[in-house]
Structure formats: C-alpha cells, structure tokens
Amino acid sequence: MTLPRLACAVGAAAVVVCASPLVHRAAAQDAPPPPPTIPAADPADVGSLDAILAALYDVISGPAGQARDWDRMRSLFTPNAKLIPVNRQGAPTEVDPRFLSVEDYIELAGPFLEQRGFFEREIGRVIERFEHIAHVFSAYDSRWTAEDPEPFARGINSIQLVWDNERWWITNIMWWGVGPDFEIPGKYLEQR
C-alpha cells in the first residue's frame, strides 16, 4: 500500500487541511478509540446558534504566533463529531471527502493556524431548524491577516447542530473551499 498523495483544501472552521497518513491510519483501526473527554463550554458560547457559530469562527482565527484555545474548540463539538473537508482530486468533478475527528483537525491544522496566521469570518448564513436539530449553510471568507484587503479563499461550511435542552452542540461540519473570485450564490450571503 502506498501513502496517499498530500492533498490540501482550504476550508472553514477550517483552513488548509491536508490529507495525511494519520487520517488513513485512523480509518484502518479495528476499534475506534473512546471518545475524548469534552471540556466544559462557556455558556455564552453555546446558548444560541449565533453564539456557537461566532465561537467556532473565533477559535480558529488569530494572528501568526498566537496559540488557539483548543479546549474551547473541543467544548463546541459532540464527542464523535466529524470535520469533513471536501478536496478536489484531479478533474473538477472528482472530489474526495476526508473525515477528521476534532483531535485530527487540531493535530493537522493547529500548527499551521498558529504559525501562519489565519482569519475566517462568516459572510452569510442560511439556517434550517426543526425542533432539536439545525443545519446551517455558513458562507465564509478566509484571510491570512485581519488587515488583508481581499480574502484568499471563500466557501461554504455545512454545519449540523443539536440542542440538548441546555446548549447547542456541533455534530458535523463539511466544507467546500474555493478561490477568492468564485461567486457564492446570493441566497447564501444573506443572514436568514
């Protein structure tokens, strides 16, 4: 078996996330490891959809050299949550989703975020909610510094959440990152 070629996608709640042998090794294990212990969340981060989405973007954003609060990130997600960057492979119609745990994401993206600097902001949102579940299409743009006049990437985070009668939890995020000039449909650029 050969190692997969290193494929990267820029995405949200995200950043440059690269497929690596770590991802494939985790998928090949016989039994999944026990879910990690989740740190207690700040109630202000998880009391509403607005709050948890703001916390998600805030925790990954910051200047070069600034450590991220990874326990805050962990506190936003259910124990078995997945972060799923969808990478392009070869032809434009070929895609390759990667399934990362929160810990995989922190291990793969964390050092890059902290060394390079990265700022991601929401530029539009569409929410569908039914009782205790919600789906958010959250359009974003990404910049290397907060002062960058133009983003280097844009995309959509597809975020699934659950309300447990006390707080919101993120169960999954799948994202598709594109170039800065890609036109995101207008319906995703509104706050609904």
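The values are calculated or read from the model by the stated rules, or taken from the named source; none is laboratory data. Owing to the predicted nature of the structure, the values given are computational and were not obtained by experimental measurement. Cβ: placed from backbone, ideal geometry, glycine included. Neighbour counts: every protein chain shown. Only protein heavy atoms, including side chains, enter the accessible area calculation; ligands, DNA and RNA are left aside. Shrake-Rupley method; radii C 1.70, N 1.55, O 1.52, S 1.80 Å.
Put simply, when 119-128, 68-77 are sorted by average Cβ atoms within 10 angstrom per residue, most first, you get 68-77, 119-128. In this structure, the amide hydrogen of N87, modeled 1.01 Å from its nitrogen in the peptide plane, lies closer than 5 angstrom to those of D96, R98, counting only residues at least 5 positions away or on a different chain. The mean accessible area for residues of region 136-192, using a 1.4 Å probe and ignoring ligands and nucleic acids, is 51 Å² per residue.
Note: relative contact order over region 39-147, using C-alpha pairs below 8 Å and six or more positions apart, is 26 percent.
About its Cα centre, region 121-183 has a charge dipole of approximately 140 debye under the convention of +1 per Lys or Arg Cβ and -1 per Asp or Glu Cβ, with nothing else charged.
Sorting the segments 168-181, 42-55 by their residues' average number of neighbouring beta-carbon atoms within 10 angstrom, most packed first, yields 168-181, 42-55. With contacts taken as Cα pairs under 8 Å and at least 6 residues apart, region 117-159 reaches a relative contact order of 38 percent.
Packing-based ranking of 134-143, 107-116 yields 134-143, 107-116, ordered from highest to lowest mean Cβ neighbour count within 10 Å. For region 98-181, the extents of the C-alpha atoms along the principal axes are 39, 28, 24 Å, listed from largest to smallest.
Comparing Y140, V178, W168 along the charge dipole axis of region 136-192, the residue lying farthest to the positive side is W168, per the Cβ-charge model.
Based on the reciprocal of the average 1/r between different C-alpha atoms, the Kirkwood radius for region 44-192 equals 15.9 Å. Amide H contacts of A139: I123, G124, R125, V126, N157, each under 5 Å away and 5 or more positions distant or on a separate chain (H built 1.01 Å from N in the peptide plane; Pro and chain starts excluded).
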